[in-house]
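Just below is one structure, and these are the notes that go with it.
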Amino acid sequence: MLEIRGLFCGYDSRIILQDINISVEDRELLGIIGPNGSGKTTLLRAITRVIKPGAGVVFLEGRDIWQMGFKELAKKVAVVPQDLIANLMSVEEFVLLGRIPHYRKFQFLETNKDKEIAQKALKLTDTFKLRGRSILEISGGERQLVLIARALTQEPRLLLLDEPTTHLDITHQVRILDLIKRLNKETGLTAIMVLHDLNLASEYCQRLVLLNEGKIHRVGNPSDVLDYKIIEEVYRTVVVVQRNPISSRPYIFIVSEEERKRRQSL
Amino acid sequence: MKTRLIRWITWVAILTGIFLSISIFSLIIGTSDIPFRKIISVIFAGRGTTEYSILFDIRLPRIILAFAIGGALSLAGVILQGMFRNPLVEPYTLGISGGAALGVCLNIVFHLHRIFGVLTLPMSGFLGAILVIILVYSLSRRKGILKIQGLLLTGVMISFISSSLIMLIMAVSRTEDLHGIVFWIMGSLEEPNWVLIKLAVGVSVFGLVVSYLFCLDLNALSLGEEEALHLGVNIEKTKRLLFIIASLVTGCSVSIAGIIGFVGLVVPHFVRMFIGSDHRILLISSFLCGAAFLILCDTLARTIISPLELPVGVITGILGGSLFVYALIRKQIVLGEK
């Protein structure tokens with residue numbers, strides 16, 4: 001599906017990502033984790049052609065993304081950004097913007113098929129009832145769902161999500177990740193998520209890529225990557241890793257300074 | 001969704017109606033009133049009568065020019081505001097008018113129009129506008145990427161520099177030149193040359209048609225450049241083309257009619273407030289609305305203290321500005337980030 005080989009990239013002369021090699025299988029649900037500033041978002045931007053790599057190639061279904069047309073790429077890869085620049089339009093109009101890459105030349109109005117696809121995405125994300133509301137007046141969690149609906153309206157093969165659960169309560173965190181998981185299972189959508197919350201990453205992703213200072217520190221399934229030694233080294237924080245009693249996936253507990261001191265003095 | 005298309009068509013019909021009725025109103029009103037029913041008999045009487053030449057040699061050319069320039073300036077306003085996602089951008093913020101005014105001033109001071117003919121006035125204005133555009137554009141490019149915010153700042157600075165240079169020229173020029181400069185800067189739609197009027201109409205309609213091909217890209221750009229890229233918009237090419245169209249129609253308008261402010265700023269806002277921010281309808285309705293607005297302002301400018309005439313820029317400023325403030329208080333501004 002996606003193959004990144006020897007990728008180096010950054011902004012201006014500052015190199016952020018160094019020698020990144022990742023291979024993402026079809027129908028995979030991959031999580032990208034790492035501390036702030038480790039290059040997670042930059043990696044996503046390299047996949048969507050926002051920044052040009054200094055070296056290395058990104059292949060999507062065997063083709064270099066820089067050899068593809070803009071629309072061609074947008075038909076295959078959709079992005080769910082962290083937040084949207086608000087504009088006065090209804091939820092339905094906003095979701096329909098996802099059809100832009102599919103428009104033919106000199107086509108200005110959406111066809112019935114476009115509308116059906118948008119409505120399907122709205123129903124799938126459970127935002128159909130919001131369709132007439134203004135995008136400005138819905139809540140943060142609903143907004144994230146609407147962003148996903150727009151991305152799905154693009155009918156992508158690969159979905160990229162940039163911290164889809166930040167600023168959301170646990171209800172919406174679970175709702176959004178359950179939705180991604182369901183899409184991944186039922187429709188075979190490949191998804192790459194940047195996640196801050198290690199426990200959510202552990203719970204939902206098949207495989208994790210741990211970035212540290214622009215390099216890949218570890219790749220593997222959650223039990224391999226979320227080892228307390230690795231986490232303490234990368235995040236420079238004392239943690240305890242246990243298993244989630246329900247799913248038996250790794251769960252990370254933090255240890256506060258007070259507790260650490262109390263333990264040391266014992 | 002079907003209803004939206006109907007709503008759009010209704011708006012276009014309403015605006016066309018307003019535009020046509022303002023045009024007819026402007027045709028019959030003036031120093032000598034010619035009632036509407038008399039127009040037909042005047043047309044049939046043909047050339048030679050005084051009424052005929054008032055209607056078709058004085059009033060009609062002004063209406064047509066106002067249509068072209070009002071439409072062009074509003075169109076440029078919509079394009080630039082959409083591209084910059086900044087509600088305060090208008091064609092003149094980018095220094096285009098400053099460059100044009102400077103070009104015309106230099107022409108007047110060096111008496112080029114006396115040597116090479118009056119047509120060199122708009123030409124030097126256009127040249128000035130184009131030079132500024134090229135300067136602003138190349139200064140805001142970094143590694144082949146057009147920095148939108150940089151473009152805005154450079155434009156504003158170049159505007160300041162050219163208006164200071166104009167003041168310098170005015171300070172050292174002779175009285176008769178000074179009159180010409182001031183007259184031009186204030187802007188007027190009186191243009192006896194049909195070729196220029198046809199050119200203005202051609203350029204602004206061309207601008208509308210070409211920019212309409214980018215209406216979906218403009219919709220995508222309203223979400224931000226990165227988002228537009230995710231939606232498959234070739235943002236560098238689109239930005240470049242839209243910028244050139246906006247500059248071309250503005251440069252052309254400024255060089256023919258002088259500086260007529262506020263149309264490009266106020267009209268797009270109004271249209272956005274009432275019709276919405278979808279560029280598929282916004283472009284065309286702003287064009288119509290701007291045309292109607294400028295014809296109305298010009299009619300007021302030449303009738304309010306007739307037989308004297310006010311500069312049309314004064315009317316657009318007062319009318320547009322106060323209507324705008326009123327609307328702002330009544331309704332929340334709708335473009336831009338929260």
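Counting only other chains, and only Cβ atoms inside 10 Å, what mean value do you get across the residues of B:221-230? Present the calculation step by step, with values, prior to reporting the outcome.
Values: counts 0, 5, 9, 4, 2, 6, 7, 4, 8, 18.
The shielding value for this peptide is 6.
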Report task. Quick one: net charge around A:His172, please, counting Lys, Arg +1 and Asp, Glu -1 for every other residue with C-beta under 12 Å from its C-beta. Result -> -2
Query raised in the report: Taking every DSSP beta bridge that has both residues in chain A, what percent is antiparallel when rounded to the nearest 5?
Result: 60
Query raised in the report: What does the helix-only formula give at 222 nm for chain A: each DSSP H stretch with n ≥ 4 adding -39500 (n - 2.57), the total divided by the residues, and the result rounded to the nearest 500 deg cm²/dmol?
Result: -10000 deg cm²/dmol
Report task. Find which of B:His113, B:Ile275, B:Gly95 sits farthest along the positive direction of the dipole of chain B, computed with +1 on the beta-carbon of Lys and Arg, -1 on that of Asp and Glu, about the Cα centre. Result -> B:Ile275
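Sort the following peptides by mean Cβ neighbour count (other Cβ atoms within 10 Å, averaged over residues), highest first: A:204-210, A:166-172, B:102-108.
Values: A:204-210: 22.4, A:166-172: 13.7, B:102-108: 24.7.
The peptides rank, most packed first, as B:102-108, A:204-210, A:166-172.
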Query - 20 Å Cα-Cα reach of A:Lys261 towards lysines, excluding residues that sit fewer than 8 places from it in its own chain - result: A:Lys229
Query raised in the report: Considering chain B as a Gaussian network with a 10 Å cut-off on Cα pairs, which listed residue, B:Leu248, B:Leu323, B:Leu208, attains the greatest mean-square fluctuation?
Result: B:Leu323
Report summary line: With -39,500 (n - 2.57) per DSSP H segment of 4 or more residues and division by the full residue count of chain B, the 222 nm estimate, nearest 500 deg cm²/dmol, is -24000 deg cm²/dmol
Query - Net +/- balance of residues flanking B:Gly187 in space, Cβ distance below 15 Å, scoring K and R +1, D and E -1 - result: -3
Query raised in the report: Roughly how crowded by other chains is peptide A:92-103, in terms of the mean Cβ count from those chains within 10 Å of each of its Cβ atoms?
Result: 4
Query - Positive minus negative residues near A:Arg133 (Lys, Arg vs Asp, Glu; Cβ under 13 Å) - result: -1
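Would you order B:Ser173, A:Ser13 from fewest to most other beta-carbon atoms within 10 Å of each residue's own beta-carbon?
A:Ser13, B:Ser173
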Report summary line: Rounded to 0.05, the calculated FRET efficiency for the beta carbons of B:Lys237 and B:Ser306 at R₀ = 56 Å is 0.70
Query - Pairs of lysines in chain B (C-alpha under 16 Å apart; 8 or more residues apart or interchain) - result: 4
Query raised in the report: What order do you get for B:125-135, B:187-197 when each peptide is scored by the mean count of other beta carbon atoms within 10 Å, highest first?
Result: B:125-135, B:187-197
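Taken together, the values in this text are just the output of simple stated rules run on the coordinates, not laboratory data. These figures come from a predicted structure and were not determined experimentally. FYI the Cβ positions are ideal-geometry reconstructions off the backbone, even for glycines, and counts take in every protein chain you see.
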